[in-house]
Each structure stands twice: as structure tokens, then as C-alpha cells.
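The values are calculated or read from the model by the stated rules, or taken from the named source; none is laboratory data. Keep in mind that this is a model prediction, so the values were computed, not measured. All Cβ positions, glycine included, derive from the backbone under ideal geometry; neighbour counts span all protein chains shown.
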């Protein structure tokens, strides 16, 4: 299935939104997820997508559903 650019952009914006909402730096989030700081930066810029496992961990960390990370647009 081809990735939708809107979904990728929503994920990038929402990841940054929830990270800031929870007062977590990119470095802290990277450490919690076992990825690099650069990976978080790439996720938030929409230049890289994360694995499904990371999506699940993000949902658990922020206490939200995966839908809220990839479908909702919290900037509207």
C-alpha cells in the first residue's frame, strides 16, 4: 500500500505536538524509543517514517491511539 503524503505529514506534525505537549526533548524521546535523536528529527520533518513497533510505543508513551498520531490533524 502506497503511503499517503497527508498521513505522513499529519504524523510528523502530531509527533512534534505530542512530544512538546509532554515536555519531552527529541533526545529524551529518542532514548525512550531506542532510536537516535536524528531519527526523531527526521520523523518530525516528514523525511522518514517509523516502524509499526515505534508507532505502538509512541501511542503507549503519550497515552493515545495510533489513529491520533497518524490521522488526526491537531494543527487545525
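Yes or no: residue 48 without any contact (Cβ under 8 Å) to a residue 60 or more places away in the chain, surrounded by 14 or more Cβ atoms within 10 Å (Cβ to Cβ) and not in a helix (DSSP H, G or I)? Explain how you work it out, then say what you get.
Values: without any contact (Cβ under 8 Å) to a residue 60 or more places away in the chain: yes; surrounded by 14 or more Cβ atoms within 10 Å (Cβ to Cβ): yes; not in a helix (DSSP H, G or I): yes.
Taking the combined requirement at face value, the residue satisfies it.
Among the numbered criteria (1) over 10 Å from the mean Cα position of the chain (by Cα); (2) within 12 Å of residue 8 (Cα to Cα); (3) at pLDDT 95 or above, which single criterion is violated by residue 48?
Going through (1) over 10 Å from the mean Cα position of the chain (by Cα); (2) within 12 Å of residue 8 (Cα to Cα); (3) at pLDDT 95 or above one by one, residue 48 breaks only (3).
Output yes when any residue across segment 5-18 is exposed (fewer than 13 other Cβ atoms within 10 Å of the Cβ), part of a loop (DSSP other than H, G, I, E, B), more than 10 Å from the chain's Cα centre (by Cα) and without any contact (Cβ under 8 Å) to a residue 60 or more places away in the chain, and no when none is.
No, segment 5-18 contains no residue that is exposed (fewer than 13 other Cβ atoms within 10 Å of the Cβ), part of a loop (DSSP other than H, G, I, E, B), more than 10 Å from the chain's Cα centre (by Cα) and without any contact (Cβ under 8 Å) to a residue 60 or more places away in the chain.
So which of 40, 24 ends up being in contact (Cβ under 8 Å) with a residue 12 or more places away in the chain and farther than 18 Å from residue 67 by Cα? Give the derivation first.
On the way: 24 fails: in contact (Cβ under 8 Å) with a residue 12 or more places away in the chain.
Answer to the check: 40.
From the list 64, 70, which one is surrounded by 14 or more Cβ atoms within 10 Å (Cβ to Cβ) and at pLDDT below 95?
Values: 64 fails: at pLDDT below 95.
Matching residue, one of 64, 70: 70.
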